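The values are calculated or read from the model by the stated rules, or taken from the named source; none is laboratory data. Because the structure is predicted, anything quoted here is derived from the model rather than measured. Cβ: placed from backbone, ideal geometry, glycine included. Neighbour counts: every protein chain shown.
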């Protein structure tokens, strides 16, 4: 089993570079909630985020239709992002592992960790990330997070790369990484 | 370099400072601007809602200041930092994020005189009540904690020098009562001591002193250790309650282990306003690049000067924890093995008049009220900073009539010793 206390930056970067379609379980329509903020940020970075929340099924969040459950989404999902508590992450992991094809990654949000569920997923060859926020990780790896005085723990003599539009958006697609 | 943990000197030069994304400028540019254009309306809304990383207005954040923040967060081993106009502003924003009117905090009695004034007098207007405790008596801190206590505040090496505080022992008291420990690490700098490694939750700095190191720019920093869990703790509503300023966002929940640094920025700095000039941030950053080298030299020379004065016939005593047999020798060996700092006090046999004469006779030492400069500095507290106190009060605060404080700079130590000798003759 992978060490879930410390992930190499290269692993996180490879995941965020390779996944495109993300099902976000525990999506919220409340703009002050972290799950709404992460949905918005990932959409802005070009990811196709599919919100999942049985209570909001059929409505839209940020223009995206909300599904009741993972199994209702048609087509392959690259990553399932779990925005629920650690206990609830267990059955949601099992729902993700019932998908065909399997998602490449199951990602549990900052403060969410379920080692038993992670072991079940890893036994099926699914990469698991726990207790991390994809927005924070994207901001850290791109360099954006430093604008808020946050310790990215990354040193680089290479120029950060602008994400194309404006000067206040950087991308993780940096040379030499 | 990604996953290898870099050394302190490497961090002092590189942390936070990649080449500029727009121009490739390798030194950190001085973004001397009040404001930043938004990419579009949606981007502006995201920034104001704390939903995207980015810059709005230099009172809230600035890319030059951000490099300083990440640099000091990395050097201290914290999760995030906030740069502000002065060390006093750093303390003010810390307590603003933690205290409500009527609350208390326990502070070490031996502190920088400016902090003592701030706590005793200015904070009264906000209903923030300081309870003093003796840093040499750890149990006194435990006895001073009440249900209204929201934080403990100490200095790692206490001004005017010579006092090393047992951070781990006081941290144990803070943890027992589940309140954050704030450590002012100005006198040590993270090169000599990193308070988070000993159980501190928050570190503050007057960057004016050793971090900047050249006596040219005032600035302060708040560093978040990321260790205190604010979520669900009703005693700290700035961090644990939905904030009306941000549509009901709960900062502790949204920003995890750097929520305290964010709270001091988006509630404290935004609304109270003690922003750091980007030019000062640039000067401080340039200073920090040589912090390890400077601190080594500061400590080497201070040790030599202290040992010399100890043998001088005009000197009654020297208070420097680097000296054999000093009261704080054991704590210094444990907390500051690379050196006990560059500021210390000594007592003159000739009392008040001898102090005044020494200050007048010195040629290289500058008579002024600062520490942590490349230049060596001297002050006679009884005739200056502590002049208004009674003799009893002067003695209690370590500023008796015979006391002189030195901050040893980076000149040739032989010249400093010669200057002291001629002035004491």
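Out of the stretch A:1-30, which residues are under 24 Å from residue A:176 (Cα atoms) and outside any helix (DSSP H, G or I)?
Within the stretch A:1-30, A:6, A:7, A:8, A:19, A:20 meet the criteria.
Can you confirm whether residue A:76 is in contact with a strand residue (DSSP E or B) (Cβ under 8 Å, 6 or more places away or on another chain), outside any strand (DSSP E or B) and within 15 Å of residue A:15 (Cβ to Cβ)?
Here the answer is no, as residue A:76 does not meet what is asked.
Inspect the stretch B:383-397 for any residue being touching a strand residue (DSSP E or B) at 6+ places or on another chain (Cβ under 6 Å), in a loop (DSSP other than H, G, I, E, B) and touching a residue at least 12 places away in the same chain (Cβ under 8 Å) and give the result as yes or no.
Scanning the stretch B:383-397 turns up no residue that is touching a strand residue (DSSP E or B) at 6+ places or on another chain (Cβ under 6 Å), in a loop (DSSP other than H, G, I, E, B) and touching a residue at least 12 places away in the same chain (Cβ under 8 Å).
Only one residue in B:342, B:369, B:332 is under 18 Å from residue B:187 (Cα atoms) and exposed (fewer than 15 other Cβ atoms within 10 Å of the Cβ), so which one is that?
Working: B:342 fails: exposed (fewer than 15 other Cβ atoms within 10 Å of the Cβ); B:332 fails: exposed (fewer than 15 other Cβ atoms within 10 Å of the Cβ).
Just one listed residue meets the conditions, B:369.
Name, by its number, the condition in (1) closer than 20 Å to residue A:83 by Cα; (2) under 24 Å from the mean Cα position of the chain (by Cα); (3) crowded, with 22+ Cβ neighbours inside 10 Å that does not hold for residue B:251.
(2)
If I ask for residues that are facing chain B (nearest Cβ under 7 Å), touching a strand residue (DSSP E or B) at 6+ places or on another chain (Cβ under 8 Å) and crowded, with 23+ Cβ neighbours inside 10 Å, which ones from the stretch A:140-162 would you list?
A:143, A:144, A:148, A:149, A:150, A:151
Please go through the stretch B:94-108 and give me each residue that is more than 13 Å from the chain's Cα centre (by Cα) and in a helix (DSSP H, G or I), ordered by number. Step through it out loud before you land on a result.
Going through the stretch B:94-108, the residues more than 13 Å from the chain's Cα centre (by Cα) turn out to be B:95-108.
Those that are more than 13 Å from the chain's Cα centre (by Cα) and in a helix (DSSP H, G or I): B:95, B:96, B:97, B:98.
Restricting attention to the stretch B:402-415, does a residue exist that is touching a helix residue (DSSP H, G or I) at 6+ places or on another chain (Cβ under 9 Å), in contact (Cβ under 8 Å) with a residue 24 or more places away in the chain and part of a helix (DSSP H, G or I)?
Looking for residues that are touching a helix residue (DSSP H, G or I) at 6+ places or on another chain (Cβ under 9 Å), in contact (Cβ under 8 Å) with a residue 24 or more places away in the chain and part of a helix (DSSP H, G or I), one finds at least one in the stretch B:402-415, hence yes.
Using the structure shown, decide if residue B:202 is surrounded by fewer than 23 Cβ atoms within 10 Å (Cβ to Cβ) and within 16 Å of residue B:98 (Cα to Cα).
no
Taking the stretch B:1-24 only, how many residues are more than 7 Å from chain A (Cβ to nearest Cβ) and either in contact with a strand residue (DSSP E or B) (Cβ under 6 Å, 6 or more places away or on another chain) or exposed (fewer than 12 other Cβ atoms within 10 Å of the Cβ) (or both)?
Summing the residues that are more than 7 Å from chain A (Cβ to nearest Cβ) and either in contact with a strand residue (DSSP E or B) (Cβ under 6 Å, 6 or more places away or on another chain) or exposed (fewer than 12 other Cβ atoms within 10 Å of the Cβ) (or both) in the stretch B:1-24 gives 4.
With respect to residue A:81, is the statement that it is touching a helix residue (DSSP H, G or I) at 6+ places or on another chain (Cβ under 7 Å), buried (at least 21 other Cβ atoms within 10 Å of the Cβ) and either within 14 Å of chain B (Cβ to nearest Cβ) or part of a helix (DSSP H, G or I) (or both) true?
The answer is no for residue A:81.
Among the residues of the stretch B:354-373, what is the count of those that are part of a helix (DSSP H, G or I) and in contact with a helix residue (DSSP H, G or I) (Cβ under 6 Å, 6 or more places away or on another chain)?
The initial filter retains those residues of the stretch B:354-373 that are part of a helix (DSSP H, G or I), namely B:354-361.
Going one step further and asking which of them are in contact with a helix residue (DSSP H, G or I) (Cβ under 6 Å, 6 or more places away or on another chain), we end up with B:356, B:358, B:361.
Residues meeting the conditions: 3.
Can you tell me which residue within the stretch B:138-157, out of those that are in a strand (DSSP E or B) and touching a helix residue (DSSP H, G or I) at 6+ places or on another chain (Cβ under 7 Å), is nearest to residue B:328 (Cα to Cα)? Walk me through how you get there before you give the answer.
We begin by selecting, within the stretch B:138-157, every residue in a strand (DSSP E or B); these are B:149-155, B:157.
Now narrow it down to the ones that are touching a helix residue (DSSP H, G or I) at 6+ places or on another chain (Cβ under 7 Å): B:150-152, B:154.
Working: B:150: 29, B:151: 25, B:152: 21, B:154: 16 Å.
So the residue we want is B:154.
Scan the stretch A:113-139 residue by residue and report those that are within 14 Å of chain B (Cβ to nearest Cβ), under 18 Å from residue A:1 (Cβ atoms), surrounded by fewer than 23 Cβ atoms within 10 Å (Cβ to Cβ) and touching a helix residue (DSSP H, G or I) at 6+ places or on another chain (Cβ under 9 Å).
A:113, A:132
With the requirement that a residue be in contact with a helix residue (DSSP H, G or I) (Cβ under 7 Å, 6 or more places away or on another chain), part of a loop (DSSP other than H, G, I, E, B) and closer than 12 Å to residue B:257 by Cα, what does the stretch B:229-240 give you?
Result: B:230, B:231.
Within the stretch B:39-53, which residues are under 33 Å from the mean Cα position of the chain (by Cα), facing chain A (nearest Cβ under 7 Å) and more than 13 Å from residue A:135 (Cβ to Cβ)?
B:49
Quick one: would you say residue A:101 is more than 17 Å from the chain's Cα centre (by Cα) and farther than 30 Å from residue B:246 by Cβ?
Yes: the conditions hold for residue A:101.
Going by the conditions given, is residue A:91 under 19 Å from residue A:44 (Cα atoms) and modelled with pLDDT of 95 or more?
Working: under 19 Å from residue A:44 (Cα atoms): no; modelled with pLDDT of 95 or more: yes.
Here the answer is no, as residue A:91 does not meet what is asked.
Of all residues in the stretch B:59-69, how many are in contact with a strand residue (DSSP E or B) (Cβ under 8 Å, 6 or more places away or on another chain) and either under 11 Å from residue B:30 (Cβ atoms) or surrounded by fewer than 21 Cβ atoms within 10 Å (Cβ to Cβ) (or both)?
1
Tell me the residue from B:116, B:154, B:131 that is under 22 Å from the mean Cα position of the chain (by Cα), farther than 22 Å from residue B:329 by Cα and at pLDDT 95 or above, please.
B:131
On the given criteria, is residue A:70 free of Cβ contacts under 8 Å to residues at least 60 places away in the same chain and within 14 Å of chain B (Cβ to nearest Cβ)?
So residue A:70 fails the test.
Just for the stretch B:241-255: of the residues that are touching a residue at least 24 places away in the same chain (Cβ under 8 Å) and not in a helix (DSSP H, G or I), which one is farthest from the other protein chains (Cβ to nearest Cβ)?
Result: B:243.
Only one residue in B:167, B:131, B:152, B:157 is without any contact (Cβ under 8 Å) to a residue 60 or more places away in the chain and under 25 Å from residue B:210 (Cβ atoms). Which one?
After applying the criteria, what remains is B:152.
Looking at the stretch B:134-150 only, could you name the residues that are at pLDDT 95 or above, in contact with a strand residue (DSSP E or B) (Cβ under 7 Å, 6 or more places away or on another chain) and surrounded by 14 or more Cβ atoms within 10 Å (Cβ to Cβ)?
Listed by number, the residues that qualify are B:140, B:141, B:144, B:145, B:148, B:149, B:150.
In the stretch A:31-58, which residues are within 12 Å of chain B (Cβ to nearest Cβ), assigned to a loop (DSSP other than H, G, I, E, B) and within 22 Å of residue A:92 (Cα to Cα)?
The one that is within 12 Å of chain B (Cβ to nearest Cβ), assigned to a loop (DSSP other than H, G, I, E, B) and within 22 Å of residue A:92 (Cα to Cα): A:33.
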